[in-house]
Amino acid sequence: MDMKEIEAKWQKKWEETGLYKFNKAKVDNKKYVLEMFSYPSGARLHAGHWFNYGPSDTYARFKRMQGYEVFQPMGFDAFGLPAENYAIKTGIHPQDSTLKNIATMEGQLKRIGATYDWDYEIKTCVPEYYKWTQWMFLQLYKHGLAYRKNAPVNWCPSCETVLANEQVIQGVCERCGTQVLRKDMTQWFFKITDYAEELLQDLDKLDWPEKTKMMQKNWIGKSIGGEVEFETTIGESFRVFTTRADTLFGVSYVVIAPEHPLVDKLTTPEQKAAVKKYIEDAAKIDEIERLSTNREKTGCFTGSYATNPVNGRQVPIYVADYVLASYGTGVVMGVAAHDDRDYIFAQKHNLSIERVIKSADGSPDELPFTDDGVLVNSGEFTGMTSAQARDAILTKLQEMNKGGFKTNYRLRDWLVSRQRYWGAPIPMVYCDKCGMVPVPEKDLPVHLPYNVEFKPSGESPLKKCDEFMNCTCPQCGGPAKRDPDTLDTFVCSSWYFLRYPDPKNDKEPFNSEWINKMLPVDKYIGGAEHACMHLLYARFFTKALRDMGYLKFDEPFLSLVHQGTILGPDGFKMSKSRGNVVSPDDSIQKYGADIFRVYLEFCFSYIEGGPWNESGLDAIQRFFDRIERLVTKCYEISYVDKPFGKDEKELNFVRNNTIKMVSQDLETFSFNTAVARLMEFVNGMMVYDQAVKEKSVLFKDCVEDLVKLLAPFAPHFAEELWEMLKKPYSVFNQSYPVFDPAALVRDEIEYAIQVNSKIRSRLVISKSASKEEIEEAAIKELGVDKASVKKVIVVPGRLVNVIM
RNA sequence: GCCGGAGUGGUGGAAUUGGCAGACACAAGGGACUUAAAAUCCCUCGCCCUCAAAAGCGUAUCGGUUCGAGUCCGAUCUCCGGCACCA
């Protein structure tokens with residue numbers, strides 16, 4: 001069969017007959033199946049795209065044949081850094097390269113033969129889309145969920161530009177090798193932390209992989225503890241967050257983050273030079289390095305002291321880079337006797353180490369002793385357990401107005417400003433008279449200008465574009481400036497699933513009534529690398545829009561599946577620099593889209609992925625050939641209507657077992673085993689074909705079932721086979737086969753017989769045998785003395801274990 | 001470093017979630033058909049010992065729980081994803 005010819009033939013027919021057009025009238029029976037959209041950085045689809053989209057389409061077709069009205073859209077996450085970097089290197093405008101790449105990828109996606117309804121396509125870089133991304137920003141602003149504050153960026157002093165983390169290689173700029181510094185800039189943030197608790201709690205509602213939920217849980221990082229207020233020798237006070245208030249009497253020092261605003265004031269004249277040097281050095285080290293637990297804990301004395309509110313003791317204040325300004329209060333207390341890190345720090349800086357906890361059960365408790373225990377040397381709290389003391393001490397602090405109970409989250413607010421060109425402009429205006437003014441919704445979109453110098457030179461590219469920057473103030477009509485930054489592309493992808501069902505709406509981002517019927521997404525499919533960021537941001541947007549009254553659901557993605565990564569043939573992640581990127585184009589040219597898709601489904605575990613190796617393609621080709629021979633034979637021969645004999649019973653068992661297993665496997669995205677089951681079915685039919693001359697009509701039913709079962713996996717091929725069987729178009733309007741439980745019941749079951757957990761024999765016994773009968777038969781089979789048997793374990797349908 | 005995964009024949013991968021390890025394939029070897037080749041069909045295929053059978057050993061490493069462990073627990077090693085400006 002010429003696969004390319006039939007692929008073209010059926011794609012044309014599907015298009016002409018509008019087979020996959022989403023029928024809005026059937027929304028009550030919808031399944032919204034969504035794959036994470038493509039990022040058009042490369043010019044062409046690679047093997048990984050196919051691995052995401054091919055099997056997902058098999059799932060979508062399976063659901064369609066089960067009678068659901070499937071909504072499966074496709075689009076492009078088109079803003080982003082790579083297009084801009086490519087432009088800086090080649091001079092090709094990001095818009096031109098992006099739109100060209102999209103056109104190429106659309107063509108390739110159409111060749112997959114997926115059920116995408118292209119009427120619903122979206123591209124985030126067109127004004128019709130980013131107008132609404134800007135609208136989202138304005139809504140968050142109006143509801144107090146967007147604010148500005150200073151935050152550090154990676155700054156290359158030589159290129160005079162802000163660098164993304166990925167552009168900083170071991171602390172230096174990837175372009176020029178200059179040491180990168182952290183520098184503060186005023187930037188926009190979204191207040192995702194307002195939703196920390198709900199984002200954590202609602203994880204329980206989701207049908208997501210446990211590991212993904214665990215990662216989000218740890219990312220949100222809830223910790224229950226308290227705050228303690230310390231007065232300082234300079235008069236200013238600060239608070240520390242701690243989960244170990246029980247150790248408060250043992251505080252030997254406190255540590256403040258180098259970026260903390262109080263550092264300057266706390267530093268005494270004698271210490272000024274040392275602290276300044278320390279802060280400069282800290283600005284060169286990235287956060288991952290700073291938090292590394294096996295790195296030496298450096299620090300520098302500020303010269304000031306803080307007073308412990310519970311015992312009045314004065315302790316030194318240090319600056320140290322292992323404390324981050326962004327977590328907690330940016331100041332921590334050091335309890336040398338009861339924390340590993342603090343113990344090492346105190347030893348190094350000759351600070352006091354005082355025990356305030358001993359083990360509750362008298363077990364050895366050398367310092368540092370980090371477990372809970374019983375308090376000693378702690379005034380009125382001495383003798384309490386750690387848990388009691390935490391409660392009592394925080395209560396006391398509350399009474400003293402020096403702190404109290406506090407829950408902290410590791411989650412930080414989301415920084416959305418980017419000093420880049422290729423993104424959605426931030427719809428804010430700065431007027432000398434009126435200050436910061438949001439762009440009125442009627443004036444959206446704020447167009448991204450085409451003619452801009454986007455080469456790095458000290459400022460956001462848009463800042464150099466006068467026609468963009470200069471505007472009139474929407475409030476007073478006077479001259480004003482626009483915000484020169486663009487939005488993080490994660491903002492675009494945090495709401496795209498809401499736009500898909502209503503992509504041409506030019507009055508609003510989506511029609512609420514309609515979107516509340518179409519969402520949540522029933523099945524979301526994409527890489528595990530998005531576990532913490534994209535998936536958390538999308539959940540935050542959904543909850544925020546719900547609270548604004550636009551949505552009636554709490555979670556965007558009810559069920560989530562991660563596909564694995566297809567690695568290069570060398571076992572490493574595919575990358576241009578490594579030169580191991582595999583293009584699927586040659587394989588598709590040779591074998592066709594269906595064989596390629598089934599190959600991906602069969603030869604990899606969908607969840608795991610693995611290294612590319614195309615030796616399996618020939619195997620799938622042979623599998624298809626065997627099916628074609630079966631179908632050809634099926635409509636050439638005649639059948640007899642006869643009662644089921646042994647061969648028919650066996651064939652019918654395989655048929656129904658296949659239906660059951662394939663359906664189960666598709667629900668769990670176990671495509672490899674589903675294809676294996678189809679192979680077993682084909683093998684079973686071949687055995688029957690050879691064994692039986694006068695074929696039962698069952699054989700014909702089996703062939704028809706096979707074509708239907710195969711259809712989601714190999715859509716063009718199955719459509720062609722369906723036509724060969726002289727059946728009416730289309731196989732996708734058929735119901736997916738349903739298994740008959742009666743056909744799966746076998747009269748006799750084989751048990752493995754173990755003696756002391758080692759297999760010694762086998763036993764075939766009627767399925768209706770009782771537990772006692774099975775025990776009896778097993779002992780008889782072994783020929784052992786019943787008196788020497790200690791115990792018999794029967795696992796129904798599996799094995800018998802006789803303990804002697 | 002921290003968080004989350006993974007490690008099973010020569011290879012890709014299965015294993016009803018604590019119950020017969022290696023389904024289904026690939027590769028390899030042998031055979032049938034053929035003048036020959038291709039295609040197709042049949043057989044063998046974890047290791048060790050053996051003519052063969054049986055026994056024994058086997059799921060990264062070491063230890064544990066259990067009648068029974070690839071699966072659970074503890075430790076170790078290696079690899080992968082993420083770590084907030086790649087998306």
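Annotations for the structure displayed:
- Sole residue being of a type outside the set (D, E, K, R), touching a Ser or Thr at 6+ places or on another chain (Cβ under 8 Å) and open to solvent by less than 30 Å² (accessible area, probe 1.4 Å), chosen from A:Gln187, A:Gln167: A:Gln187
- Taking region A:127-166 as the range and being part of a loop (DSSP other than H, G, I, E, B) and either closer than 21 Å to A:Tyr537 by Cβ or in contact with a Cys (Cβ under 7 Å, 6 or more places away or on another chain) (or both) as the test, the residues that pass are A:His143, A:Gly144, A:Leu145, A:Ser158, A:Cys159, A:Ala164.
- Residue within region A:483-496 that is in a loop (DSSP other than H, G, I, E, B) and open to solvent by 30 Å² or more (accessible area, probe 1.4 Å) present: no
- Residues in region A:608-629 that are within 7 Å of RNA strand B (Cβ to nearest atom) and at pLDDT 90 or above: A:Asp618, A:Ala619, A:Arg622, A:Asp625, A:Arg626.
- Flag for A:Ser583 being touching a Lys or Arg at 6+ places or on another chain (Cβ under 7 Å), over 30 Å from A:Val491 (Cβ atoms), among the polar types (S, T, N, Q) and away from RNA strand B (no atom under 16 Å from the Cβ): yes
- Sub-8 Å Cβ pairs linking a first residue in region A:133-157 that is open to solvent by 10 Å² or more (accessible area, probe 1.4 Å) to a second residue that is polar (S, T, N, Q) and in a helix (DSSP H, G or I), at least 6 apart or interchain, are A:Asn154/A:Asn165; A:Asn154/A:Gln167, ordered by first then second residue.
- A:Ile122 vs. criteria in contact with a helix residue (DSSP H, G or I) (Cβ under 6 Å, 6 or more places away or on another chain) and either closer than 20 Å to A:Glu459 by Cβ or within 11 Å of RNA strand B (Cβ to nearest atom) (or both): no
- Restricting region A:269-291 to residues that are among the small types (Gly, Ala, Ser), touching a residue at least 12 places away in the same chain (Cβ under 8 Å) and part of a helix (DSSP H, G or I), the residue that is surrounded by the fewest Cβ atoms within 10 Å (Cβ to Cβ): A:Ala274
- Some residue of region A:229-241 being of a type in the set (D, E, K, R), surrounded by 22 or more Cβ atoms within 10 Å (Cβ to Cβ), touching a residue at least 60 places away in the same chain (Cβ under 8 Å) and farther than 30 Å from A:Ala531 by Cβ: no
- Pairs meeting the criteria (first residue in region A:595-611 and touching a residue at least 60 places away in the same chain (Cβ under 8 Å), second residue more than 7 Å from RNA strand B (Cβ to nearest atom) and open to solvent by 20 Å² or more (accessible area, probe 1.4 Å), beta carbons under 6 Å, at least 6 apart or on different chains) are A:Ile595/A:Gln621; A:Tyr606/A:Gln563.
- Given (1) within 16 Å of RNA strand B (Cβ to nearest atom); (2) open to solvent by 70 Å² or more (accessible area, probe 1.4 Å); (3) within 21 Å of A:Asn656 (Cβ to Cβ), number of the condition A:Lys771 does not satisfy: (3)
- Here A:Val429 meets each of (1) more than 16 Å from RNA strand B (Cβ to nearest atom); (2) more than 31 Å from the chain's Cα centre (by Cα); (3) open to solvent by 20 Å² or more (accessible area, probe 1.4 Å) with one exception, condition (3).
- The test for being surrounded by fewer than 18 Cβ atoms within 10 Å (Cβ to Cβ) and touching a residue at least 60 places away in the same chain (Cβ under 8 Å) does not hold for A:Asp96.
- Within region A:601-630, being closer than 19 Å to A:Leu725 by Cα and either under 40 Å from the mean Cα position of the chain (by Cα) or surrounded by fewer than 19 Cβ atoms within 10 Å (Cβ to Cβ) (or both) holds for A:Phe623, A:Phe624, A:Asp625, A:Arg626, A:Ile627, A:Glu628, A:Arg629.
- Filtered by the rule that a residue be open to solvent by 70 Å² or more (accessible area, probe 1.4 Å) and within 16 Å of RNA strand B (Cβ to nearest atom), region A:686-734 gives A:Val687, A:Gln690.
- Residue tally, condition away from RNA strand B (no atom under 16 Å from the Cβ) and surrounded by fewer than 16 Cβ atoms within 10 Å (Cβ to Cβ), over region A:735-755: 4
- One residue stands out among those in region A:653-670 that are in contact with a strand residue (DSSP E or B) (Cβ under 9 Å, 6 or more places away or on another chain) and touching a residue at least 24 places away in the same chain (Cβ under 8 Å): the one that is nearest to RNA strand B (Cβ to nearest atom), which is A:Ser670.
- Unique residue being open to solvent by 10 Å² or more (accessible area, probe 1.4 Å), assigned to a strand (DSSP E or B), at negative phi and of a type in the set (S, T, N, Q) when the list is A:Asn408, A:Asn451: A:Asn408
The values are calculated or read from the model by the stated rules, or taken from the named source; none is laboratory data. Remember, predicted model here, so these are calculated numbers, not experimental data. Please note: Cβ atoms are built from the backbone with ideal geometry, for glycine as well, and neighbour counts cover all protein chains shown. Surface accessibility is based on the protein's heavy atoms, side chains included, excluding ligands, DNA and RNA. Shrake-Rupley method; radii C 1.70, N 1.55, O 1.52, S 1.80 Å.
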